[in-house]
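Read the figures in this text as sums done on the coordinates, not as results from a lab. Small disclaimer: the values here were computed from a predicted structure and weren't measured. Cβ: placed from backbone, ideal geometry, glycine included. Neighbour counts: every protein chain shown.
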Amino acid sequence: MSRKITLESGSEVKNVEDTGDCDPKSYDSWKQYYVGESECEWPEHCRIIRCMEKAEHGAHVKCKGKRGVWILPMCPTHNNPYNEEWMTANAGTTVVEVKKIDSICG
């Protein structure tokens, strides 16, 4: 079971570059990985504050002040390789850590 954390109010996340060609080893998608490893339901909306777009992607993000790479439910607009800004996540959002052993890239 992967490590999961719940983000506090004001927590910031940022897209991780060059993860678009990475797939989870034991799941068919990053959405399934998130649900399976977090034991949480997939949220309807993107977890970036004030975004009401549909959460379609399990985005690879960095969490400010935390080590590692995490999966966060996001809309296509926020899960964009050209988006290099820190974004505030909704308080209470669960993120799930991705370890290199859980991912196939290339």
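Values as computed for the structure displayed
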{"item": "From phi via Karplus (6.51, -1.76, 1.60), per-residue ³J(HN,Hα) for segment 19-34 in Hz, x at Gly/Pro", "result": "10, x, 9, 9, 10, x, 5, 9, 9, 7, 7, 5, 5, 5, 4, 4"}
{"item": "Estimated distance in nm for a label pair at ILE104 and HIS45, the labels positioned 7 Å out from Cα along Cα-to-Cβ", "result": "3.6"}
{"item": "For segment 64-70, 3J(HN,Hα) per residue [Karplus equation, 6.51 cos²θ - 1.76 cosθ + 1.60, θ = phi - 60°, Hz, x = Gly/Pro]", "result": "4, x, 10, 8, x, 10, 10"}
{"item": "Derived scalar couplings ³J(HN,Hα) [segment 87-102; Karplus, 6.51 cos²θ - 1.76 cosθ + 1.60; whole Hz; x for Gly, Pro]", "result": "10, 8, 8, 5, 4, x, 6, 8, 10, 10, 6, 10, 8, 3, 5, 8"}
{"item": "Sequence-distant residues sharing a close amide H with VAL98 (under 5 Å, placed H)", "result": "VAL69, TRP70, ILE71"}
{"item": "Cβ-defined net charge surrounding LEU72, 13 Å radius [Lys, Arg +1; Asp, Glu -1]", "result": "+3"}
{"item": "Stokes-Einstein D (µm²/s) once Rh is taken as the Kirkwood radius of segment 1-105 over alpha-carbon pairs, at 20 °C in 1.002 mPa s", "result": "160"}
{"item": "Taking segment 4-97 and dividing mean pair separation by its residue count, relative contact order in percent (alpha carbons under 8 Å, at least six apart)", "result": "44"}
{"item": "Summed side-chain charge close to VAL13 - residues other than VAL13 whose Cβ falls under 15 Å, Lys, Arg +1, Asp, Glu -1", "result": "+2"}
{"item": "Lysine pair number, Cα distance threshold 13 Å (strictly under), the chain, separation 8 or more or different chains", "result": "9"}
{"item": "Those trypsin sites (Lys or Arg not before Pro) in segment 1-103 that DSSP places in a loop and that have at most 11 other beta carbons within 10 Å", "result": "LYS25, ARG50, ARG67, LYS99"}
{"item": "Amide proton proximity set for ALA59, modelled H, under 5 Å, gap of 5+", "result": "LEU72, MET74"}
{"item": "FRET efficiency, 1/(1 + (r/R0)^6) with R0 22 Å, evaluated for ILE5 and GLN32 via beta carbons", "result": "0.65"}
{"item": "Per the chain, cysteines lacking a partner by the 4.7 Å Cβ criterion", "result": "CYS40, CYS63"}
